[in-house]
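Encoded as structure tokens, the structure appears first; notes follow it.
Rule-based calculations on the coordinates, nothing more; no lab input. This one's a predicted model, so the numbers in the text were calculated from it and none came from an experiment. All Cβ positions, glycine included, derive from the backbone under ideal geometry; neighbour counts span all protein chains shown.
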Amino acid sequence: MPVYNQTQTANCLIGRLEHDRDLLEELTSVARQENIRLARVEAIGAVKCARIGFYDQQKQEYLFHEINEPMEITCLTGNISIKDNEPMVHAHLTLADGAGHAFGGHLAPGTIVFACEFMIQPLQGPDLVRGLDRVTGLPLWRM
Ligand code: ZN
């Protein structure tokens, strides 16, 4: 049975990230600066290079792909919740290369912004706190 909380939206943050910065670090710094504990995140733009993860369900570890070419962020979607008592951004993204081919996965450090417009929509509701889930090996929400 699905588990979920009721939330309400609060004021939305909309902005742009600076050129040459790490995409995940920048989104995380906004969350920490604004003390956002629960939110939805989205972004579009372009990256100079990317590092994206794929979770190997058998080995229970992330495999990382490095893509060393400019690409469009066609979709970044994610959330902010609490891990180790700090706001944590969890985002997945789809990138498209110059031929329109798409790649996607879990956003990892090492994805460098060319240009990026983001929205962070804080939610009012109980904190969602991540803890190790023994079945998947992932830091999932404890609910
Ligand atoms: Zn993920």
(request) Report ³J(HN,Hα) in whole Hz for each residue of the stretch 32-45, in order, from the Karplus equation J = 6.51 cos²θ - 1.76 cosθ + 1.60 where θ = phi - 60°; Gly and Pro get x. (result) 6, 4, 8, 6, 8, 9, 8, 6, 9, 10, 8, 7, 9, x
(request) Once you have a ≥ b ≥ c as the square roots of the Cα gyration tensor eigenvalues for the stretch 14-88, tell me rounded if a/c is under 1.5, and otherwise prolate or oblate according to whether a/b is larger than b/c. (result) oblate
(request) Can you put M71, M143, M119, M1 in order of Cβ neighbours within 10 angstrom, beginning with the fewest? (result) M1, M143, M119, M71
(message) Please compute the length gained on full extension between E18 and Q6, using 0.36 nm multiplied by the number of residues separating them and subtracting their Cα-Cα distance.
(response) 0.9 nm
(message) Place a point 7 Å from Cα of D97 in the direction of its Cβ. Which residues in the stretch 48-75 have their backbone N less than 19 Å from it?
(response) 48-54, 64-75
(request) Excluding I73 itself, calculate the net charge of residues whose Cβ lies under 11 Å from the Cβ of I73, where each Lys or Arg counts +1 and each Asp or Glu counts -1. (result) -3
(message) From the helices alone, meaning DSSP H stretches of at least four residues, give me the mean residue ellipticity at 222 nm for the chain, per-run term -39500 (n - 2.57), in deg cm²/dmol to the nearest 500.
(response) -2500 deg cm²/dmol
(request) Compute the Cα gyration tensor for the stretch 1-131, then decide on rounded, prolate or oblate, letting a ≥ b ≥ c be the square roots of its eigenvalues: rounded whenever a/c is under 1.5, prolate when a/b is larger than b/c in the other cases, and oblate in all that remain. (result) oblate
